[in-house]
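A.B. asks: Input: one structure, supplied below.
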2 protein chains.
Amino acid sequence: MDNSRTERLDKQFDFFREIDKEKLIERQTYLTGAERRENDAEHAWHMAIMTILLSEYANEKIDVLKTVTMLLIHDLVEIDAGDTYAYDEEGKKTQAVREAKAAERIYGLLPEDQGTKLLALWREFEERRTPEAKFARTMDCIQPLMLNDATEGKSWLEHGIRLSQVLERNANTADGSKEIWDYAREHLIEPNVEKGRLRNDTIFENNLR
Amino acid sequence: MDNSRTERLDKQFDFFREIDKEKLIERQTYLTGAERRENDAEHAWHMAIMTILLSEYANEKIDVLKTVTMLLIHDLVEIDAGDTYAYDEEGKKTQAVREAKAAERIYGLLPEDQGTKLLALWREFEERRTPEAKFARTMDCIQPLMLNDATEGKSWLEHGIRLSQVLERNANTADGSKEIWDYAREHLIEPNVEKGRLRNDTIFENNLR
């Protein structure tokens, strides 16, 4: 094998070894059996399969491989920046800066052509403008909703999460798929409000606005 | 939403909740930091990214989305059948039957059109005939090689694995990508033989054949 091929493979394998660390980044959501919390790599794997099987409901036609790739790689920044809980308002203030720096370092381990592509894909996800980015965002919100529902709201209860917070977090979920959002609201959110696992503060919030 | 759409989504979400269990199926390989073993979902996530970035080395042109999908879903059978260690000769005798039964149950949770497709894709992976199945198999062998190398052969040493076993396990790795196999042999296997992390029995084995 010539030297340039070996150097290219060396960079690719350096990246693969580095991203192994994503498996140790814990999220707030619990697995369906509620035995332990989920990690970022598991979350990405789950969403990739969901995307392949749910793309039929996308509002706009999506490139499935592009969307899957986006979801598989978008949380790698957390290797440096850590997981910022969806309802951690303090953490979210510095999140963008921390993650942008991480993206440059981590995707920068790859050969330049591939690193540039992944960095662009990560930015596309963050900007939420393209059909793929919108659908990926829908998956990123729906997957933890599903796990929260399956664990009787364990993570919501631990953090005392209110319905208004969930609705705010999901303000753009219908942008990727109106149909999935309708289903999620009816099957994954409302029953949990009725059962008291999500604090029902919507009337209060509505008056406030 | 009409009833048939809701029923379809119900089946899809039942499948998504069921496959969450793959995150609890432990493999023999350790994560790069050697803190704990890897699970099937993490393994699949890792291989999916590797496929996207290494498809350029495939012997034959591959459909990347098809290969990624194959890798994301191929270990779901282990939810029922358990993980069979690559060097567990007893377990491997009953593996095919156990896994075929599991495949029918698990993919069968999906709406029929999608279940049929995933079952066919799983079989295609098992048969190792198409370019996608061959490349997926290459990833399935290379990813744990990489982790074993990164953890100074921890799992090999625990099980007293011999070089001949690794070579036999990798008998078809070059079928997906000769270039990746050459790289792996030189960078992920040979250095570990030299360092005594893999028992060097090739001369003995060669005489025996």
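A.B. asks: Output the 0 to 90 degree angle, nearest 10, between the alpha-carbon long axis of helix B:89-107 and the longest principal axis computed from the alpha carbons of chain B.
C.D. replies: 20 degrees
A.B. asks: At 20 °C and a viscosity of 1.002 mPa s, what translational diffusion coefficient does Stokes-Einstein give for the range B:130-209, taking Rh as the Kirkwood radius over Cα pairs? Give it in µm²/s as a whole number.
C.D. replies: 166 µm²/s
A.B. asks: Right, next: In chain A, once you exclude exposed GluC sites (Glu not before Pro) (DSSP loop, at most 12 other Cβ within 10 angstrom), what's the longest stretch remaining?
C.D. replies: The reported range is A:61-209.
A.B. asks: Report the Cα centroid-to-centroid distance between the range B:84-129 and the range A:26-64 in angstrom, as an integer.
C.D. replies: 22 Å
A.B. asks: Taking the Cα atoms only, what angle lies between the long axis of helix A:131-150 and the longest principal axis of chain A, rounded to 10 degrees?
C.D. replies: Once rounded, one gets 50 degrees.
A.B. asks: Test of the criteria: in the range A:32-121, which trypsin sites (Lys or Arg not before Pro) are in a DSSP loop and have at most 14 other Cβ atoms within 10 angstrom of their Cβ?
C.D. replies: Hits after loop and neighbour filter: A:Arg36, A:Lys61.
A.B. asks: Moving to a separate point now. Put the label 7 Å from Cα along Cα→Cβ for B:Glu186; what are its distances to the other copies, in nanometres, shortest first?
C.D. replies: For B:Glu186, the inter-copy label distances come out at 5.9 nm.
A.B. asks: Find the Cα radius of gyration of the range B:1-46, compare it with 2.2 N^0.38 Å by division, and give the number to two decimals.
C.D. replies: 1.70
A.B. asks: Run through all the Cα pairs of the range B:56-121 and give the fraction in each 10 Å bin from 0, expressed as whole percent.
C.D. replies: 19, 41, 29, 10
A.B. asks: Sticking with this structure for a sec: Determine the per residue accessible area of the range B:80-209 with all protein chains present and a 1.4 angstrom probe, expressed in square angstrom.
C.D. replies: Per residue, the range B:80-209 has 51 Å² of solvent-accessible surface.
A.B. asks: Accessible area lost on pairing B with A, both sides, 1.4 Å probe, Å² to nearest 100?
C.D. replies: Chain pair B/A: roughly 5100 Å² of buried accessible area.
A.B. asks: Taking only C-alpha pairs under 8 Å that are 6+ residues apart, what is the relative contact order of the range A:1-81 in percent?
C.D. replies: Computed value for the range A:1-81: 28 percent relative contact order.
A.B. asks: Could you tell me the extents of the range A:1-123's C-alpha atoms along the three principal axes, largest first, rounded to whole Å?
C.D. replies: Here the Cα extents, ordered largest to smallest, are 49, 36, 29 Å.
A.B. asks: Here is a further query. What 222 nm value per residue comes from the helices of chain B, counting each DSSP H run with n ≥ 4 as -39,500 (n - 2.57) and dividing by all residues, nearest 500 deg cm²/dmol?
C.D. replies: So the calculated ellipticity at 222 nm is -19500 deg cm²/dmol.
A.B. asks: Report, to the nearest whole %, how much of the accessible area of the protein assembly as shown belongs to carbon and sulfur atoms, 1.4 Å probe, protein only.
C.D. replies: Summing carbon and sulfur atoms, their accessible area is 46 percent of the total for the protein assembly as shown.
A.B. asks: Taking the label point as lying 7 angstrom from Cα along the Cα-to-Cβ axis, what are the distances from B:Tyr85 to the corresponding position in the remaining copies, in ascending order and in nanometres?
C.D. replies: List, nearest first: 3.9 nm.
A.B. asks: How many Å³ per residue does the convex hull of the Cα positions in the range B:61-209 occupy?
C.D. replies: Spelled out: Cα convex hull of the range B:61-209, divided by residues, is 125 Å³.
A.B. asks: Working from the pairwise distances between different alpha carbons, so that the mean of 1/r is found and then inverted, what is the protein assembly as shown's Kirkwood radius in Å?
C.D. replies: 22.5 Å
A.B. asks: How far is A:Arg169 from itself in the other copies, in nm, if each label sits 7 Å out from Cα along the Cα-Cβ line, shortest first?
C.D. replies: 3.9
A.B. asks: Measure nothing but the geometry: give the 0 to 90° angle between the long axis through the Cα atoms of B:3-19 and the longest principal axis through the Cα atoms of chain B, rounded to 10°.
C.D. replies: With both axes taken from Cα atoms, the answer is about 20 degrees.
The values are calculated or read from the model by the stated rules, or taken from the named source; none is laboratory data. In this text, all values refer to a predicted model and were calculated from it rather than measured experimentally. Cβ: placed from backbone, ideal geometry, glycine included. Neighbour counts: every protein chain shown. To get the accessible areas, we keep the full protein, side chains included, count just its heavy atoms, and leave off ligands, DNA and RNA. Shrake-Rupley method; radii C 1.70, N 1.55, O 1.52, S 1.80 Å.
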